């Protein structure tokens, strides 16, 4: 037995048993690995946030409008396929970000630019998507809180709680009848 009053002796590094040196190397490596894992745990979310905040593709002049849903999803919209009083939802081709969802309404039977109107399909109240089909009274209707917009009057609010109209999107009709984007949205999309 050792005497409790005896002072510890200083041991030279050469006298340390080999298993203790391996243990120290292992602990140093484990600490370095843990520090690296900890740093990575903070770096990955930063990269993820950067990826999520990359610029979204927005509607641009010349983009053909394509059906957003149904059997024709992804197919170009042609004026001859639409009937008067019909509303459909479309995207600029290849740009299916929800903020690019467009409500396209054919107001009458002619196949002219004046017979078609296009608006953002994102309600200006809380950002819900308006119904694709027009209501019985010919209005664009938001299912979340009941806002209604008149497509014949630049998507003016006819029933709240939305306080501003849906932003309009200028469109053009190509020689073959396909519909393309002819400019930017008239204002901010959704909640502003």
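Quickly rank 84-92, 104-112 as a protection proxy: mean count of other C-beta atoms within 10 Å, highest first.
On the way: 84-92: 19.6, 104-112: 15.6.
Highest to lowest by the protection proxy: 84-92, 104-112.
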Exercise. So what's the Cα pair-distance distribution over the stretch 133-174, bin width 10 Å, in %?
Worked result: 30, 51, 15, 4
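For residue 28 and residue 75, calculate 0.36 nm times their separation in residues minus their Cα-Cα distance, and state this gained length in nm to one decimal.
Working: separation 47, 0.36 × 47 = 16.92 nm, distance 6.07 nm.
Answer, rounded to one decimal: 10.9 nm.
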For this session: With no solvent and one equal point scatterer per Cα, compute the Debye intensity ratio I(q)/I(0) for the stretch 65-181 at 0.13, 0.15, 0.16, 0.24 Å⁻¹ and report its log10, rounded to two decimals.
Result: -0.44, -0.58, -0.67, -1.44
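Bear in mind these aren't lab numbers, they're just calculated from the coordinates by the rules spelled out. The structure presented is a predicted model; accordingly, all values stated were derived computationally and were not measured. Glycine also receives a Cβ, built like all others from the backbone with ideal geometry; neighbour counts cover every protein chain displayed.
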